[in-house]
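The values are calculated or read from the model by the stated rules, or taken from the named source; none is laboratory data. From a predicted model like this one, the values you see are computed outputs, not experimental measurements. Cβ coordinates were reconstructed from backbone atoms using ideal geometry, including for glycine residues, and neighbour counts include every protein chain displayed.
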């Protein structure tokens, strides 16, 4: 005990309280948990916004919420889900897991780490408080195209607060990314070469590199917009010599890599979960690692496929069609390799595995609908309709959020030292899986039937009404499932079974330490000789026993 | 554990499929499984491209989901101990190369088909026999469409076009981004201020085709709908020469003003204006329509500058219509 106390850093009394210790913490695990919990709260709020929108669209000519409120809801729903939920949630999980997975004591820059969390929190609060601004929150959509987002067409301070909140979150992500990169590059355990780091770490590496490259670009775009609104410049005002399309380029040069910033860590999680619950090594470690790098690279060359209807020159449309199709190839490699990993395995259907398999099932649909959107003449028909809404939710919800839950069920025991309830977890999975498909599958059809996105109502009865109603019912089922997760947390926090070091017979280093890990993470480390140090260790123990 | 899982998947898939099939059949449509029936060659070729991609997409979907479900069923634990390992296969380079190459070939086939169809979708036919395409200028405004015909006739929200004639659509915006989209006559093209886009159609049948604004443009985006009325050549000529110009004032009221202020001007999203003296003060009205209103930054004090780019005749037509049909005078204020 005396030895243990001596390795604890000195802390004055005022930093040891239940609240003050969390506020002043620079421990990567605690910051990771702060991130995760905060992101889940924003997820719940933005999810409620989505439910309100679905309620409004359940029947034609509904007046459940006003036009302006509807526009605020979808703007803040999109912004919050992207900037305040999913990207920071990965930052949280990466924060918690990265040092553990590579055998490090902490992140490279612990104080910077704390700063990036607090910037994120205040950025998020700024966004939600913008509902109280004169004229309400931003109403110009999550990508805030000018001239609509310019002062004249969007009066009031909601749009300005939207920009400022994104500034805070962007700085947070930027310095977080520097921290991740420095940690991965400099703090790996002895023997952990690049071909031995967990695939989730590969994903975080590319996640961070992309954030580092694209966050400054969106920040520049938003700053120009803020100057237009507040200082009287005219970067994006055509009447005064500006160019409205410039903003779209700046935005989507960030916006498309952002999709991969969101999905790559989820793919990393799947690459961790599938082998463990198949009792096999990942099929083609190198192929998956390099496809992650390839996706990261190509993701910066496809942005204008969001702008096919803008009227770009033909050669650009063709270039962006081809580059968008190219990016499907490494994505396909991942899917095939995951499925091959399950081949002849010993598949254990714990909740984390259900989410991972569910990810493959639904993400494939999102990937395939993406090919239609990449073919730009087809895109001219379906872009900016519910088809796109369906596509992106298959990728971002069916992909990223399924990955989030796979990660949470898998690593929860490590983070909190308690097992989540498997029965509740599985019920949650099936409810969300059913609700998700009911919600978003019919939206493909809605788009093809001609329903544009971002419409606060529709006047058509018949098929459009039917699909909308199904979609709303699905959203309700999904919400029910997600509420079970909250119930699961509440139920198991105090009374759940305690987690052992390695409840799933994992492969990676984080399972070597206790659950939850001590502040210094590891007392000692095994020398790393492969990408699966824990399995090596188990086998060595068996050999010694035999 | 595994059998109930399998049953659940089966029930799920069946329930989902049955529900969707039922609604689709019940309304006897294409069900939203393909883009709407094309009535112009460019839209038709887009539909061909859609179907071509669908062949590959459905095949890949069946193979991937099939393999996934098959492996899930076949390799489930079935009472084996948790720590029983499968064969420790680390990969198979040849196999991985094959499933990298096949998608490349499929995408090549998709891209090739698009290149083959592209000129027919994008290039405006020269239509020499018809004396060149008929150009109709589209001006997108918050929250209405304005169409200007070669002879200067203007209509609002309702485009008239002759059947079987190549129509070149020249798309402009007067305020924010919009997107011109009539699904049965082709894809979307954005209306962006400071930029001119063009597209075309050649309607094969007389009829009325619905269009919607495709790019979010503000509070009444959902009401920014267009209609393309395709008529016989004679009917079109009559309309563009006489009927169109006569109905301009009424069209402007319905398309430009009434969406917010109500058909009788008794208020809706915007305030009641039927007794507002401004309606009969041409100069003040004009400056309001040109400048819009954006006073206190509150939600409901915003009025778009709906008159941007209007001709003198447009203002006069509206003024005339307001005076005769809408303005009820201050005397009726109490009633």
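Would you check if there is a residue in segment B:234-242 being surrounded by 19 or more Cβ atoms within 10 Å (Cβ to Cβ), within 30 Å of residue B:278 (Cβ to Cβ) and either outside the structural domain of residue B:329 (by TED's automatic domain parsing) or in contact (Cβ under 8 Å) with a residue 24 or more places away in the chain (or both)?
no
Please state which one of B:230, B:256 is crowded, with 19+ Cβ neighbours inside 10 Å and assigned by TED's automatic domain parsing to the domain that holds residue B:203.
The unique qualifying residue is B:230.
Within segment B:130-147, count every residue that is at pLDDT 95 or above and closer than 27 Å to residue B:269 by Cβ.
The number of residues fulfilling the criteria is 8.
Out of (1) surrounded by fewer than 24 Cβ atoms within 10 Å (Cβ to Cβ); (2) in contact with a helix residue (DSSP H, G or I) (Cβ under 7 Å, 6 or more places away or on another chain); (3) at the interface with another protein chain (Cβ under 8 Å from one of its Cβ atoms), what's the single condition that is false for residue B:223?
(3) is the only condition that residue B:223 fails.
Looking at B:211, B:265 in this structure, which one is surrounded by 15 or more Cβ atoms within 10 Å (Cβ to Cβ), assigned to a loop (DSSP other than H, G, I, E, B) and touching a residue at least 12 places away in the same chain (Cβ under 8 Å)?
Unique residue meeting the criteria: B:265.
Could you tell me how many of the residues in segment A:367-387 are assigned to a helix (DSSP H, G or I), closer than 18 Å to residue B:190 by Cβ and within 7 Å of chain B (Cβ to nearest Cβ)?
Going through segment A:367-387 one residue at a time, the tally reaches 4.
Yes or no: residue A:356 out of contact with any helix residue (DSSP H, G or I) (no Cβ under 7 Å at 6 or more places or on another chain) and more than 7 Å from chain B (Cβ to nearest Cβ)?
Answer is no for this residue.
Is there a residue in segment A:61-70 that is farther than 29 Å from residue A:187 by Cβ, in contact with a helix residue (DSSP H, G or I) (Cβ under 9 Å, 6 or more places away or on another chain) and buried (at least 23 other Cβ atoms within 10 Å of the Cβ)?
Among the residues of segment A:61-70, at least one is farther than 29 Å from residue A:187 by Cβ, in contact with a helix residue (DSSP H, G or I) (Cβ under 9 Å, 6 or more places away or on another chain) and buried (at least 23 other Cβ atoms within 10 Å of the Cβ), which makes the answer yes.
(1) touching a helix residue (DSSP H, G or I) at 6+ places or on another chain (Cβ under 8 Å); (2) surrounded by fewer than 19 Cβ atoms within 10 Å (Cβ to Cβ); (3) over 21 Å from residue A:384 (Cα atoms); (4) facing another protein chain (nearest Cβ under 10 Å): which one isn't true of residue A:462, the others all being true?
With respect to (1) touching a helix residue (DSSP H, G or I) at 6+ places or on another chain (Cβ under 8 Å); (2) surrounded by fewer than 19 Cβ atoms within 10 Å (Cβ to Cβ); (3) over 21 Å from residue A:384 (Cα atoms); (4) facing another protein chain (nearest Cβ under 10 Å), residue A:462 is out only on (1).
Could you please find all residues in segment B:151-199 being part of a loop (DSSP other than H, G, I, E, B) and more than 9 Å from chain A (Cβ to nearest Cβ)?
Across segment B:151-199, the qualifying residues are B:151, B:152, B:153, B:157, B:163, B:164, B:165, B:166, B:174, B:182.
Suppose we keep only residues that are surrounded by fewer than 17 Cβ atoms within 10 Å (Cβ to Cβ), facing another protein chain (nearest Cβ under 9 Å) and closer than 26 Å to residue A:381 by Cβ within segment B:74-110. Which one would you say is nearest to the chain's Cα centre (by Cα)?
Ranking the qualifying residues of segment B:74-110, first place goes to B:108.
Examine segment A:86-104 for a residue that is within 19 Å of residue A:475 (Cβ to Cβ) and under 19 Å from the mean Cα position of the chain (by Cα), and state whether such a residue exists.
Yes, segment A:86-104 contains at least one residue that is within 19 Å of residue A:475 (Cβ to Cβ) and under 19 Å from the mean Cα position of the chain (by Cα).
Going through segment A:403-450 one residue at a time, which ones are outside any helix (DSSP H, G or I) and more than 11 Å from chain B (Cβ to nearest Cβ)?
Listed by number, the residues that qualify are A:417, A:418, A:419, A:420, A:421.
Does segment B:111-148 hold any residues that are within 14 Å of chain A (Cβ to nearest Cβ), assigned to a loop (DSSP other than H, G, I, E, B) and in contact with a strand residue (DSSP E or B) (Cβ under 6 Å, 6 or more places away or on another chain), and which are they?
Scanning segment B:111-148 gives a single hit, B:124.
Can you tell which of B:262, B:187 is in the same structural domain as residue B:320 (by TED's automatic domain parsing) and within 30 Å of residue A:146 (Cα to Cα)?
Going through B:262, B:187 in turn, just one is in the same structural domain as residue B:320 (by TED's automatic domain parsing) and within 30 Å of residue A:146 (Cα to Cα): B:262.
Name the residues in segment B:180-201 that are out of contact with any strand residue (DSSP E or B) (no Cβ under 6 Å at 6 or more places or on another chain) and buried (at least 22 other Cβ atoms within 10 Å of the Cβ), would you?
B:183, B:187
When residue A:190 is evaluated against the numbered criteria (1) free of Cβ contacts under 8 Å to residues at least 60 places away in the same chain; (2) under 27 Å from residue A:521 (Cβ atoms); (3) not in a helix (DSSP H, G or I), which criterion, by number, is the only one it fails?
Unmet for residue A:190, out of (1) free of Cβ contacts under 8 Å to residues at least 60 places away in the same chain; (2) under 27 Å from residue A:521 (Cβ atoms); (3) not in a helix (DSSP H, G or I): (1).
Among (1) under 30 Å from residue B:10 (Cα atoms); (2) at pLDDT below 95; (3) more than 14 Å from chain B (Cβ to nearest Cβ), which single condition is residue A:523 missing?
Tallying (1) under 30 Å from residue B:10 (Cα atoms); (2) at pLDDT below 95; (3) more than 14 Å from chain B (Cβ to nearest Cβ), residue A:523 fails exactly one: (1).
Here are some conditions: (1) more than 14 Å from every other protein chain (Cβ to nearest Cβ); (2) in a loop (DSSP other than H, G, I, E, B). Residue A:480 meets all but one. Which one does it not meet?
Going through (1) more than 14 Å from every other protein chain (Cβ to nearest Cβ); (2) in a loop (DSSP other than H, G, I, E, B) one by one, residue A:480 breaks only (2).
Only residues that are touching a residue at least 60 places away in the same chain (Cβ under 8 Å), in a helix (DSSP H, G or I) and more than 16 Å from the chain's Cα centre (by Cα): list them for segment A:272-294, please.
Answer for segment A:272-294, where residues must be touching a residue at least 60 places away in the same chain (Cβ under 8 Å), in a helix (DSSP H, G or I) and more than 16 Å from the chain's Cα centre (by Cα): A:272, A:273, A:274, A:275, A:276, A:277, A:278, A:285, A:286, A:288, A:289, A:293.
Does residue A:73 count as outside any loop (DSSP other than H, G, I, E, B), in contact with a helix residue (DSSP H, G or I) (Cβ under 7 Å, 6 or more places away or on another chain) and within 14 Å of chain B (Cβ to nearest Cβ)?
Considered against the rule, which asks whether it is outside any loop (DSSP other than H, G, I, E, B), in contact with a helix residue (DSSP H, G or I) (Cβ under 7 Å, 6 or more places away or on another chain) and within 14 Å of chain B (Cβ to nearest Cβ), residue A:73 comes out as yes.
Only one residue in B:230, B:240 is under 21 Å from the mean Cα position of the chain (by Cα), more than 9 Å from chain A (Cβ to nearest Cβ) and over 28 Å from residue B:270 (Cβ atoms). Which one?
After applying the criteria, what remains is B:230.
Out of B:104, B:89, B:64, report the one residue that is part of a loop (DSSP other than H, G, I, E, B), in contact with a helix residue (DSSP H, G or I) (Cβ under 9 Å, 6 or more places away or on another chain) and without any contact (Cβ under 8 Å) to a residue 40 or more places away in the chain.
B:89
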